[in-house]
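Taking it in order: structure first as structure tokens, then the write-up.
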Amino acid sequence: MSGQSLKVKPRQQRALERFYFHEARLLDNRQYQQWLELVDEDIRYIMPSRTNLMVDNRERGKEQMISVERELEGSESMGCPLREEGYVHLMVRVERAFKINAWSENPPARTRRIVGNIELMNRDGNQMQLLSNFHLYYARPGGGNFIYSGQRRDTLLLVAHDFRIRRREVIMDYANIDVPTLGLIL
Amino acid sequence: MLRVSELVNEDASLVSRRCWSDPGVYELEKRGVFGRSWLFLGHESQIRNPGDFVQAYMCETPVILARGEGGRVHASVNSCTHRGLPVCRADHGNTRRFVCPYHNWSYTVEGDLVTIPQESEVRNKPDKSRLGLKRVPRVESWRGLIFGCFDEAVEPLEQYLGDMRFYLDALLDRFPGGIEFMGAPHRWVLDANWKLPVENQLGDVNHGAFLHSAIIPREAQDTIEELGHSVVTRPGHGATFRLMPGDAPVDEVAWGLEGMGGIFGGAEVQDYLRDIQARARERVGDLRARMKGLTYGIYPNLSFLWSNTSFKVSHPRGPGKVEYWSWAVVPAEAPDPIKQILRTNYSSFFGPGGMLEQEDSEAWVQQFRGSNIDFADDRPYFYGLGLGEEGPHPELPGLVSVTANEFYARHFFARWRDDLQAVEGLS
């Protein structure tokens, strides 16, 4: 997805923003059950891991030499993504959040996320490929404050004038993982 | 400074908070534990071809583990002899040379210095044969697991592992092609002491029903308590596992079927796992074929989870910081699509995104805070559960007990205390 985004009408862009801002508000308000309703039951939720590789001499001078893609161990790779989940994983995570013994989130962390750079990259029938970026502030009681930064590569389904998340790939920006958990819904 | 004898009492049922937080204790650990023990460096599957390398650590010392041109495995300290910069900045890869970025001194994958670019401009030529990377003096491997030791006089690796080999083989030898590590390690930096993740996966299955009660159903924990065995083969080495009844259905015994990948991965992966179990008896014998492992620990800082197949190394970064590495481990002979499903047996529950380990990591961080407080030194941690209740077993090597017995941790701390005392007062 290195080309330019599709040209979209302001009204369409606004509809996509409305969906993402609503999603962000649900997550920051800890309304995870309502969030789960935004998710298609065939969802794939992937978080590639990010590695530090040698520069390939034969690629010097080319964009490929330092591309983000070559750092990622994603779902197609024979490395190990940090997360490869389906609906059942997300359901368990949501259920956990409403149990009294989800200790690391008791009391719950305070989060605030800004979602931006929303780009519609491709559309095929009722499926749309989107990119968006996020910054998330995470404050864990008794723990500390942390910044999460990343990109989301989504496939949304258009269902009855609304959207459902069919696939989400979260590209985290980290060198070493120095946050308390990557088990959040991002 | 505290005396080591004040940190851990005679039967190791009381462990001082300072064991976890004191900078002086940490300096003793570096020399007494990490300077004298076999430390896990990597697995043969990570460096199959000449020139292949991965990064490793021996405590805080960065190490390059590489396969040389002749096929031998070499471990060198990743620090240039000229100004100390790392000569390798990648997690893994394949190369002919490691080049220091500062002045471009370059080294072979075996660690020999081959080029000093400035050499031609000076009259006195340095003796390059004496300026190679510092070698890890002892490197040995067993079943593909490669270890290194800074103490040249250390006992052979196989002897060090001892009867742990019996338990490790219950898994490693179950697969005709052995195991394979998938990808680069997940490196998780936590404000915790390195020993608590180790203790957690040395034998502490007892916290499951409590810390993880939001995820682990009570019935699963009941099975663990009913069929569970905790074993210490030698202080610091231990394993926990369920010994399933001889007539248990294959789906209740087979490795991998109780993970998320096994449960939701489809018929192909399930049949693959059943097939492995069907051949387990002829490969590892009746007793070990019935073993359904939980946790494994190799002194000082290697852990292995059975059902959530992951190898883990707890690398200290000072008394209050740990870089916790974990890898998904799969049967080497499995087809690629099955490996891709089985790796989620690890990542669903463990690692930085895992549903269970998010609770553990918080416990480890909070324990360090508790270990660093003032005015509570008269309340050392209580390690006395099940004191003296372990004993020999007719079939299982080592000392054996129920999983609630904390003898695995007492033995760890007794060995740790002895290791620190061996270097206490020396400097």
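Quick notes on this structure:
- The stretch B:152-164, subset within 17 Å of the chain's Cα centre (by Cα) and either surrounded by 18 or more Cβ atoms within 10 Å (Cβ to Cβ) or of a type in the set (Val, Ile, Thr) (or both), residue farthest from residue B:40 (Cα to Cα): B:164
- Selection from the stretch A:143-186 of residues that are part of a strand (DSSP E or B), among the hydrophobic types (A, V, I, L, M, F, W, C) and within 14 Å of chain B (Cβ to nearest Cβ): A:146, A:170, A:171, A:172, A:177
- Boolean, residue A:16 is touching a residue at least 12 places away in the same chain (Cβ under 8 Å), closer than 25 Å to residue B:352 by Cβ and either open to solvent by 90 Å² or more (accessible area, probe 1.4 Å) or not polar (S, T, N, Q) (or both): no
- Lone qualifier among B:272, B:324 - being over 12 Å from residue B:202 (Cα atoms), touching a residue at least 60 places away in the same chain (Cβ under 8 Å) and part of a helix (DSSP H, G or I): B:272
- Those residues of the stretch B:363-386 which are under 29 Å from residue A:101 (Cβ atoms), in a loop (DSSP other than H, G, I, E, B) and open to solvent by 40 Å² or more (accessible area, probe 1.4 Å), in sequence order: B:372, B:373, B:379, B:380, B:385
- Selection within the stretch A:44-94 - surrounded by 15 or more Cβ atoms within 10 Å (Cβ to Cβ), away from chain B (no Cβ under 11 Å) and either over 20 Å from residue B:347 (Cβ atoms) or in contact with a helix residue (DSSP H, G or I) (Cβ under 6 Å, 6 or more places away or on another chain) (or both): A:94
- Residues in the stretch B:209-251 that are within 21 Å of residue B:400 (Cα to Cα) and assigned to a helix (DSSP H, G or I): B:221, B:222, B:223, B:224, B:225, B:226, B:227.
- Inside the stretch B:55-73, residues that are over 15 Å from residue B:150 (Cβ atoms) and open to solvent by 10 Å² or more (accessible area, probe 1.4 Å) make up a count of 7.
- Any hit, the stretch B:24-36, residues being part of a loop (DSSP other than H, G, I, E, B), surrounded by fewer than 22 Cβ atoms within 10 Å (Cβ to Cβ) and in contact with a Leu (Cβ under 6 Å, 6 or more places away or on another chain): no
- Candidates are the residues of the stretch A:144-180 that are touching a Ser or Thr at 6+ places or on another chain (Cβ under 6 Å) and open to solvent by 20 Å² or more (accessible area, probe 1.4 Å); the one that is farthest from residue A:123 (Cα to Cα) is A:173.
- Any hit, the stretch A:109-126, residues being within 13 Å of chain B (Cβ to nearest Cβ) and open to solvent by less than 70 Å² (accessible area, probe 1.4 Å): yes
- For the stretch A:24-43, the candidate set comprises residues that are in contact (Cβ under 8 Å) with a residue 40 or more places away in the chain and assigned to a helix (DSSP H, G or I); within that set, the residue that is most open to solvent (accessible area, probe 1.4 Å) is A:33.
- Index of the failed condition, residue B:84 passing every other in (1) at positive phi; (2) assigned to a loop (DSSP other than H, G, I, E, B); (3) within 14 Å of another protein chain (Cβ to nearest Cβ): (3)
- Test: residue in the stretch B:181-197 that is among the basic types (Lys, Arg) and either away from chain A (no Cβ under 14 Å) or without any contact (Cβ under 8 Å) to a residue 40 or more places away in the chain (or both): yes
- Residue match in the stretch B:132-151 (condition: in a helix (DSSP H, G or I), touching a helix residue (DSSP H, G or I) at 6+ places or on another chain (Cβ under 8 Å) and either open to solvent by 10 Å² or more (accessible area, probe 1.4 Å) or closer than 21 Å to residue B:232 by Cβ (or both)): no
- Residue within the stretch B:190-202 that is of a type outside the set (A, V, I, L, M, F, W, C), touching a Pro at 6+ places or on another chain (Cβ under 8 Å), surrounded by 23 or more Cβ atoms within 10 Å (Cβ to Cβ) and not in a helix (DSSP H, G or I) present: yes
- Filtering A:101, A:106 for residues that are more than 20 Å from the chain's Cα centre (by Cα), farther than 30 Å from residue A:12 by Cβ and open to solvent by less than 60 Å² (accessible area, probe 1.4 Å) leaves a single hit, A:101.
- Lone unmet requirement of (1) open to solvent by less than 50 Å² (accessible area, probe 1.4 Å); (2) not assigned by TED's automatic domain parsing to the domain that holds residue B:198; (3) not in a loop (DSSP other than H, G, I, E, B) for residue B:79: (3)
- Odd one out for residue B:208 among (1) in contact (Cβ under 8 Å) with a residue 12 or more places away in the chain; (2) away from chain A (no Cβ under 14 Å): (2)
- Checked against (1) part of a helix (DSSP H, G or I); (2) at pLDDT 95 or above, residue A:119 passes all but condition (1).
The values are calculated or read from the model by the stated rules, or taken from the named source; none is laboratory data. All figures in this text were calculated on a predicted structure; none of them were measured in a lab. Don't worry about glycine lacking a Cβ; one is built from the backbone with ideal geometry, like all the others, and counts go over all protein chains shown. Note: accessible area is taken over every heavy atom of the protein model, side chains too, but ligands, DNA and RNA are not part of it. Shrake-Rupley method; radii C 1.70, N 1.55, O 1.52, S 1.80 Å.
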